[in-house]
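Quick note: the coordinates plus some simple rules give every number you see, no bench work behind them. What you see is a predicted model, and the numbers here were worked out from it, not measured in a lab. Using ideal geometry, Cβ is built from the backbone for each residue, glycine included, and neighbour counts are taken over all protein chains shown.
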Amino acid sequence: MTRLRTWTIVLSALAAALWPSVALAQSSAESMDPFNISIGALSLIAAIFLLIVVLGLRRVAEGSAVADNIAFVMAGTLALAASVVAAWANRFMVGISGEQTRIAADLLVMLSMVLFAVYFWRVRSALARFLSVNTEELLAEMQYSDERSESNSTAHPDADA
């Protein structure tokens, strides 16, 4: 069985096991909305899956510009997962208002967007530098090749005939 399939089964079992506890922890008005509960559970599962994929990418791309900056993606993913947890805090904790949890979740989402933007900016900059160096090398090689072909044709005038 593949690792992805194993994780899918484990996370599905975990979600199914937690479903009754979520319903019991909520008021009767909130427990009537299984769609809201499902979206929250799927968001947590997606955040966990994203973190697993990012960790796998870090191992695969070690030493490259992507891997050097992968900490920004990992932090952004954790901030997204924390925003989902903050939204769920209203269901389980007494003394925290819905407005407070929405503000915390929004701030965490904003933080994750900033971290993703920093990551993509740095990777784009590294890629632009890489492409400019390779383009300069390619142009220099093409120019050298043209000069060699011109010198060969002038040295042997009957080579064209």
Set of the stretch 100-127 residues, backbone N closer than 15 Å to the point 7 Å along the Cα-Cβ line of GLN143: none
Efficiency of FRET from Cβ geometry, GLU136 and MET113, R₀ 35 Å, rounded to 0.05: 0.50
Point-to-point label distance, GLU62-ALA126, nm (Cα→Cβ direction, 7 Å offset): 1.5 nm
